[in-house]
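Just so it is clear, none of the values below were taken in a lab; they were calculated from the coordinates. Given the structure is predicted, the values throughout are model-derived calculations rather than measurements. Glycine also receives a Cβ, built like all others from the backbone with ideal geometry; neighbour counts cover every protein chain displayed.
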Amino acid sequence: ILLTIMADNSKDGLSEKDIWGDSADAKMMDESEHEQIVGKSAAEIGSQTRMLETNIRIMKQDKQRLEHEHRSMDAKIKENKDKVKMNKQLPYLVANVVEISDLEDDEAEEDGAAVDEHAQKKGKCVVIKTTTRQTIFLPVVGLVPVEELTPGDLVGVNKDSYLILDKLPEEYDSRVKAFEVDEKPTEDYSDIGGLDKQIEELREAVVLPMTHPERFVAIGIQPPKGVMLFGPPGTGKTLLARACAAKTNACFLKITAPQLV
């Protein structure tokens, strides 16, 4: 009967070692079982055999349950890895670190969001300001260690959770990159008609202080910090600015006033 049970177990993937243990333990078990079986009747042996079969079925069920839990955990791990990978992909929402401060224990306990154990140990929180002019408080910093952050750093954050996903290089600032014109302006004053007075005023206020600053220093004149052109659309304001940029070898940035805030 025992041989039959062992044969059935071998078909189910259970080896003799899984059932009886190591060879030394199996030998001791054989001797102990032999002593117990010698003085028992056939009915008692049959009852013990059925008990062993029941135990084996329970072991098989436990094995199947553990395998199912293992597969479920593998699926969850894969799903979480995919989510992290997706959240780390561009495009980021660009933000600046405004302040890094200590996080009080009461605030950490009351916050219902996911808790970063590493951030809790350090007791740090971060305040950021996004390019959409939102100021966000982050009790959980994100994927970048808080020790690597300083106020003024440019960071990439998740568009939904605002968690910091990456620290961006200083020259990455997308607001400036979007404004910058790669090609140098080629416009000239001769391309503009009917604005001779305005051209002369711009030359004195903008071009000459940049091309001949020594003249202003010698005379003791403080040049203006800037000029404002106003008028209806199509009167040559942008064309004048591009011509001035071409004369001074400057970069022309076309931006709106709210983008400077």
Exercise. Tell me, Kirkwood radius of the range 180-260 from alpha-carbon pair distances, in Å?
Worked result: 13.8
Problem set entry | For peptides 191-204, 241-254, sequence by mean Cβ density within 10 Å, most packed first | 241-254, 191-204
Exercise. How far, in nm, would the chain grow between Ile221 and Arg50 when pulled straight, counting 0.36 nm per residue and subtracting the alpha carbon separation?
Worked result: 50.6 nm
